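Participant: First the structure, which I've put down as C-alpha cells, then a few questions once you've had a look.
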Amino acid sequence: MKEVKVMSLPEFWFLVITILFVGFFVLEGFDFGVGMIARFLGKDDTEKRVYINTIGPFWDANEVWLITAGGAMFAAFPHWYATMFSGFYIPLVFMLLALIVRGVSFEFRGKVENPKWKHTWDWALTIGSFLPPILWGVVLANFMTGMPIDENKEMVGGFLQFLHPFALLGGVMLLMLFLVHGLQFISIRTEGELNDRAKAFSRKVAPVALILFLAFIVVGYFVSDVFTYHGQTFMTIPILAFIALYWGLSSKAQAGERTRFALTTVSIILLTGSIFLGMFPRIMISSISDAYSLTVENASSGPYTLKIMSYFSIALSPFVLGYQAWSYYIFRKRLKKEDELEY
C-alpha cells in the first residue's frame, strides 16, 4: 500500500503564504489597475470620482492581504523575511512609500473643492498605483532567476544588479497585467459611457499585455528552472495562465464582463501560484550555490511557533474571509455619475 505523505507545518505555512500573495495580487491587482487609469479615463472630476469609487470600499481591505502575508512570513519563516527585506530593502521602501501616498490620496482628494488640490492627489494616486506593480514584478522575476545569497543567508551586492532585463520585463508585464485586470473590474462596476470607455481602452492595451505576458513565460523558461523544477508538465500551469488571459482579453471571445474579469483573475492565480510552487521546496534561490538556497525547512520557525500560528489561523480565517466576501456582495451595485460618491 502506498504511503501517504502528510504535509509538514513548514510546508503548510509556505502554502498559506503562497495563497496570501496570490490573493494580494488578484485583489490589489485590479485595485492598482483602476488607480493608475482613473485620471486618464475620466473626462471631468465627477467621472474620475466614479472610477475611483469603484474600488473605494475595497482598496484598504485588499492591502491587508499583503500585511498578513508579511506577518506570516516574519513569524513562520524569519530567515526568509530577514533575507528578503534586507536584500530588497530599497524597492520595498519605495513600495511602502507608494502605498502610503496612494492611501492618503484616497482620503485627501475630496476634502477640498479646489482643482489644483484634486489634480495633485490624482497624480499621487496614479504614481502610487504605478510603482508597486513594477517593483513586485522585479522582485518576482528575481525570485525566479535566483539572488546572490551567501552561506549566512544574506544577499550580497547592490540593488542595481536586480534590475536585469528579465526583471524589467517582469515589472512591465505585471504593470500591464494589473492594468487590464483593473479595466475588467471597472467594466463590472460601471455602466453607460464610463463602462464603454473602459472596455474600449482595454481592447487597445490588450495586445501589449498579452505579448508581455507570453514573453515573460517564454524567457522565464530559459532563464529559470521555476517552470520546470517539478517536471516539464508543470509548464502547463503558466501556459494555462496565458490561455485564460488571452480568452479574457480577446475581442473575439463571446464572454460576458464578469467572465472576462474571472479569466484575468484566473491568469493571475495561475501565474503567481506557478512561481511560488515552482520554487518549492526552495523559498529563495541562491545564484551562488544551491546549498545556500533558503528552503521551507532551513528557514522556518520552530514547531511550537508554527503549531500556535496554525491554531489561530484556522480559527480566524473563516471570519476574515467571510467579512471580505460580504463586503464585495454589499457593494456589488454598478456606479453611475448620479450616485452619491464618497471619494
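Participant: If you find the alpha carbon centre of region 31-53 and of region 189-211, how far apart are they in angstrom?
Facilitator: 13
Participant: Once the principal axes of the Cα atoms of region 134-218 are found, what is the range along each, listed largest first in whole angstroms?
Facilitator: 59, 23, 17
Participant: Can you figure out the FRET efficiency of LYS43 with HIS119, using R₀ = 25 Å and their beta-carbon distance, to the nearest 0.05? If you can, show how the numbers build up before the last one.
Facilitator: Numbers: r = 14 Å, r/R0 = 0.57.
Plugging the Cβ-Cβ distance into 1/(1 + (r/R0)^6) gives 0.95.
Participant: Starting from the exponent 0.38 and prefactor 2.2 Å, build the expected Rg for region 259-303 from its residue count and divide its actual Cα Rg by it.
Facilitator: Values: Rg = 14.9 Å, N = 45, 2.2 N^0.38 = 9.3 Å.
Working it through for region 259-303, the quotient is 1.60.
Participant: Also: Counting only trypsin sites (Lys or Arg not before Pro) that sit in a DSSP loop (anything but H, G, I, E, B) with at most 10 other Cβ atoms within 10 Å, what is the longest stretch of the chain containing none of them?
Facilitator: Answer from the scan: 112-251.
Participant: For GLU191 and LEU240 in the same chain, what is the full-extension length gain: residue separation times 0.36 nm, less their Cα-Cα distance, in nm?
Facilitator: Roughly 14.6 nm would be gained on extension.
Participant: Separate question: Sequence neighbours fewer than 8 away in the same chain don't count; with that in mind, list the lysines whose C-alpha is under 29 Å from LYS204.
Facilitator: Partners found: LYS43, LYS48, LYS118, LYS252, LYS333, LYS336, LYS337.
Participant: While we're here: Between VAL156 and THR228, what is the label-to-label distance in nm when each label sits 7 Å out along the Cα-to-Cβ direction?
Facilitator: Each label point is offset 7 Å from its Cα along the Cβ direction, giving 2.9 nm.
Participant: Going by amide H atoms built from the backbone, whose H comes under 5 Å of the H on SER286, apart from near neighbours?
Facilitator: Hits under the 5 Å cutoff: MET147, SER293, LEU294.
Participant: Normalise the Cα radius of gyration of region 147-306 by 2.2 N^0.38 Å (N = residues in it) and let me know the number.
Facilitator: Details: Rg = 18.8 Å, N = 160, 2.2 N^0.38 = 15.1 Å.
This ratio for region 147-306 stands at 1.24.
Participant: Could you rank THR264, THR120, THR305 by how accessible they are, 1.4 Å probe, largest area first?
Facilitator: THR120, THR305, THR264
Participant: Using a cut-off of 13 Å between beta-carbons, work out the net charge of the residues near GLU113 (Lys and Arg +1, Asp and Glu -1, GLU113 not included).
Facilitator: +4
Participant: I've got another one for you. Quickly work out the LYS111-to-ALA291 label distance, labels modelled 7 Å from Cα along the C-beta direction, and quote it in nm with one decimal.
Facilitator: 5.7
Participant: With a ≥ b ≥ c the root eigenvalues of the C-alpha gyration tensor of region 39-132, is it rounded (a/c under 1.5), prolate (a/b larger than b/c) or oblate?
Facilitator: Numbers: a/c = 3.30, a/b = 2.31, b/c = 1.43.
Here region 39-132 falls in the prolate category.
Participant: Loop-only GluC sites (Glu not before Pro) in region 191-279, please: DSSP not H, G, I, E or B, and at most 16 other Cβ atoms within 10 Å.
Facilitator: GLU191
Participant: Show that you can apply the helix-only estimate: for the chain, add -39,500 (n - 2.57) for every DSSP H stretch of four or more residues, divide by all residues, and state [θ] at 222 nm to the nearest 500. Numbers along the way, then the final one.
Facilitator: On the way: 11 runs with 243 residues, N = 343.
After summing the helix terms and dividing by the residues of the chain, the value is -24500 deg cm²/dmol.
Participant: Candidates (1) 62, 48, 41; (2) 70, 60, 33; (3) 63, 60, 39; which is the computed Cα extents along the principal axes in Å?
Facilitator: Read-out taken from this structure: (1).
Participant: Another one. I'd like the distance separating the alpha-carbon centroids of region 222-281 and region 285-303, in whole Å.
Facilitator: Value for the Cα centre distance between the two parts: 27 Å.
Participant: List the relative contact order of the chain as a percent without decimals, with contacts defined as Cα pairs under 8 Å and 6+ residues apart.
Facilitator: 26
Participant: Given a 1.4 angstrom probe, I'd like the percentage of the accessible area of the chain that is carbon and sulfur, rounded to a whole number.
Facilitator: Ligands and nucleic acids excluded, carbon and sulfur give 69 percent.
Participant: Please list, ordered by chain and number, the residues whose modelled amide H lies under 5 Å from the amide H of SER301; skip anything fewer than 5 residues away on the same chain.
Facilitator: Distant-sequence amide H within range of SER301: PHE77.
Participant: Considering only protein heavy atoms, what per residue accessible area in square angstrom results for the chain with a 1.4 angstrom probe? All intermediate terms of the calculation are to be shown ahead of the outcome.
Facilitator: Details: 16180 Å² over 343 residues.
Normalised by residue count, the accessible surface of the chain is 47 Å².
Participant: Each residue of region 38-43 in order: what ³J(HN,Hα) in whole Hz does its phi give by Karplus 6.51 cos²θ - 1.76 cosθ + 1.60, θ = phi - 60°, with x for Gly and Pro?
Facilitator: For region 38-43, the Karplus curve yields 4, 5, 8, 7, x, 7 Hz.
The values are calculated or read from the model by the stated rules, or taken from the named source; none is laboratory data. Note that the structure is a prediction, hence the values are computed from the model and not measured. Neighbour counts are summed over all protein chains in view; Cβ atoms, including those assigned to glycine, are modelled from backbone coordinates with ideal geometry. Surface accessibility is based on the protein's heavy atoms, side chains included, excluding ligands, DNA and RNA. Shrake-Rupley method; radii C 1.70, N 1.55, O 1.52, S 1.80 Å.
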